[in-house]
Amino acid sequence: MTNSSHPSLAEISAVFAHLSDRVSAEPERELDPIVTLSLQRALVELRRFIPGLDTPPDPHAARFFASGARAALESGFYRDALARALRGLSFAPHDPNLYHLAGSACLELGSVRDSIDLMMHALWIHPGHPDALRDLQCLSALRIDEPEEDTIAPWGPGDPLEGWQMIEDGAPESMPFEFVDEADVDDSLFDVLDEATGPDATRDARDAADDGADDDERRAA
């Protein structure tokens, strides 16, 4: 671990390897929140480095994992595809093709926010990336603003991945809306609703009563 408050490129590469292992180990379709939050932090930190300036650890291995990720996507093994793409990024953390593949896998897993973030990062590295441009055009209506840098947890000691956990403090809500069972709703809410619509509701009831009285009078006549 460096003395800087920011991780080195080697430490970010190690995080991608950790994330690959975590994705592979989880059987559920939905991504672990730690994976999502760590990906967000990694993308923020990677923007401090100039793509191509530093020699990647192993570009040949990165191409191998990119091929594996692409094959897994085509076969419908989306979690495996994401794990392979992340492993490839541990060998080439500035490879735009791997970010696009990881984003495609996240989209298939239902993690739209992660998908957009990863594809946007692919375009940051390679603004003319055709696949990322095409897919982002399809997802443009679903785009979510990138998190503010001050909401990202500071780089902590120990395991680089564990140092990025923000579950208890400052984590973004994964689902802003919550379905409420009707039995859990307080009756007083309906009273407030009645009061809010009182004048109109009272007028409607009065008109209905007047119509009923007119009918009675016509029947009596």
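The values are calculated or read from the model by the stated rules, or taken from the named source; none is laboratory data. Predicted, not measured: the structure shown is a model, and the values here were computed from it. With ideal geometry, Cβ positions are generated from the backbone for all residues, glycine too; neighbour counts draw on all protein chains shown.
Couple of notes before you dig in:
- Candidates Ala81, Ala66, filtered to the one that is within 21 Å of Ala10 (Cα to Cα) and outside any loop (DSSP other than H, G, I, E, B): Ala66
- Any hit, the stretch 57-80, residues being on the phi > 0 side of the Ramachandran plot and of a type outside the set (Phe, Trp, Tyr): yes
- Subset of the stretch 74-108 [surrounded by fewer than 23 Cβ atoms within 10 Å (Cβ to Cβ) and either free of Cβ contacts under 8 Å to residues at least 40 places away in the same chain or under 20 Å from the mean Cα position of the chain (by Cα) (or both)]: Glu74, Ser75, Gly76, Phe77, Tyr78, Arg79, Asp80, Pro96, Asn97, Leu107, Glu108
- Checking Leu73, Leu31 one by one, the residue that is at pLDDT below 90 and assigned by TED's automatic domain parsing to the domain that holds His129 is Leu31 and no other.
- In the stretch 85-136, the residues that are within 22 Å of Phe64 (Cβ to Cβ), part of a loop (DSSP other than H, G, I, E, B) and touching a Leu at 6+ places or on another chain (Cβ under 9 Å): Ala92, Pro93, His94, Asp95, His129
- Pairs meeting the criteria (first residue in the stretch 43-72 and without any contact (Cβ under 8 Å) to a residue 60 or more places away in the chain and surrounded by 16 or more Cβ atoms within 10 Å (Cβ to Cβ), second residue of a type in the set (S, T, N, Q) and not in a loop (DSSP other than H, G, I, E, B), beta carbons under 8 Å, at least 6 apart or on different chains) are Ala66/Asn97.
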